[in-house]
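Every read-out reported here was derived from the displayed coordinates using simple, explicitly stated rules and does not represent laboratory data. Just so it is clear, the structure is predicted and the values come from calculations on it, not from any experiment. Cβ placement follows ideal geometry from the backbone for every residue including glycine, while neighbour counts extend to all protein chains displayed.
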Amino acid sequence: MSPDPYTRAKAALMGLLLAVGVFLMAWFHHVEKSDIVFTHFFYLPVVLATLWWGYRGIWVAVGLCAALLLSRLLSTLEVSLWVDLVRSASFLLVGGVLAELSERRSRLETDLMRQGRELEQRVEERTRELSEKNRDLEAYSYTISHDLIAPLVVIEGFAELMLERKSDELGEEGREYAERILKAVERMRHLISSLLEYARAGKAEGEAEALSPAETVQELLAEREVKVREAGATVRVQEDLPLILVDPLKLNQVFSNLLDNALKYASKERAPVIEVGGRSGEGEAVIFVRDNGIGIEAEDLPGVFDPFTRYYSGDEPGLGIGLATVKRAVEGWGGRVWAESSPGKGTTFFFTAPLAQSARGAEAAAR
């Protein structure tokens, strides 16, 4: 295999330096008859040779020393031979020191490259293991949730039949039991629906579309009109929010959970106020949903997006995966999510999404 251009360039430069050195040696020893210390020039090829080739580069120093001593013996200079011996020894010493440093540097670079490859391999293995575990978890959640729905339908059907056909025979106590069964079924259905939503949030089911966050929020508010009115909540939506390029299902999951979370944890001391806004950044939009609810304690804030975590006591049904679903959905389209909160004053949830114009421009440039 032929050497690369860089190796050939180094060899050519070294040949040129050695030729210049031999010329200077011959000129000063045999023409000028002078002992001007031109030999300082020899440090340059010695240094470069040992830096480039390690211990093999010392042969350059050995060759220069031999040539210097031979030329000195053939010349008529009256300077002591010991001067050139000392100079030759200094070339060899400098070459040896630099060769050792060069070899140590090469070993260090080799070790770093090996450790880097090992680290990359371990990261790939761990990433692959984590991906497999996530897929298994998603499949498990999806399968179990669907399997749980079937018996619930049966339970709900029989409870409704009992209330419809055997109401008189059940009596007041029996009807109360049947109604409790139906309420429990409804609560269980809600929990299963949350689990299914969490499982779907991490899956790429639909294609990204250019969407208006403001329109999406308005549609979701229309579905929650009764709930918003009963809570006495005021919702303000910034109309000029930038278009973003995301999966419509995931965007609905994000805003649904954030709006429901704001309504669920509203303060009892004041009417709920929910604000939805955002701004454009470099290639992405930063969207926020702010409320004036009960807020989150500082020590709880880092884990607020962890699944199956609830920081509030109460009778509200839930698995504590609403915000975890938000995180999975946002990360599913490559965004980031975080929260800022003050206990008793409210919480602001932020998430990022690619701008529709920027994404289209990058796609056009790629074509």
Give me the extension gain from Trp338 to Ala210: residue separation times 0.36 nm, minus the current Cα-Cα distance, reported in nm with one decimal.
43.8 nm
Under 13 Å by backbone N from the virtual spin label 7 Å along Cα-to-Cβ at Leu24, the residues of the range 82-99 are none
With each label point set 7 Å from Cα along the Cα-Cβ vector, what nm distance links Glu160 and Glu225?
2.5 nm
Using modelled amide H (1.01 Å from N, peptide plane; none on Pro or chain starts), what sits under 5 Å from the amide H of Ile274, excluding residues fewer than 5 places away?
Thr234, Val235, Arg236
Square roots of 5 times each gyration tensor eigenvalue, C-alpha, the chain, largest first, Å:
81, 24, 19
Mind checking the full-extension length gain between Arg189 and Ala139? Use 0.36 nm per residue of separation minus the Cα-Cα distance, one decimal, nm.
16.1 nm
Subtracting the Cα-Cα distance of Thr348 and Ala12 from 0.36 nm times their residue separation yields 114.4 nm
Just the projected area, averaged over all directions, of the convex hull on the alpha carbon atoms of the range 209-366: how many nm²?
9.3 nm²
For the range 19-117, diffusion coefficient by Stokes-Einstein and Kirkwood Rh (Cα), 20 °C, 1.002 mPa s, µm²/s
147 µm²/s
Evaluate the distance, in nm, between pseudo-label points positioned 7 Å from the Cα of Tyr55 and of Glu282 along their respective Cα→Cβ axes.
4.9 nm
Along its principal axes, what span do the Cα atoms of the range 201-262 show, with the longest given first and each in whole Å?
36, 26, 15
Ratio of Rg to Rh over the range 1-201 (Cα coordinates, Kirkwood Rh, two decimals):
1.73
Sort the following peptides by mean Cβ neighbour count (other Cβ atoms within 10 Å, averaged over residues), highest first: 43-49, 257-263.
257-263, 43-49
Give the relative contact order (percent, whole number) for the chain; include only Cα pairs under 8 Å separated by 6+ residues.
12 percent
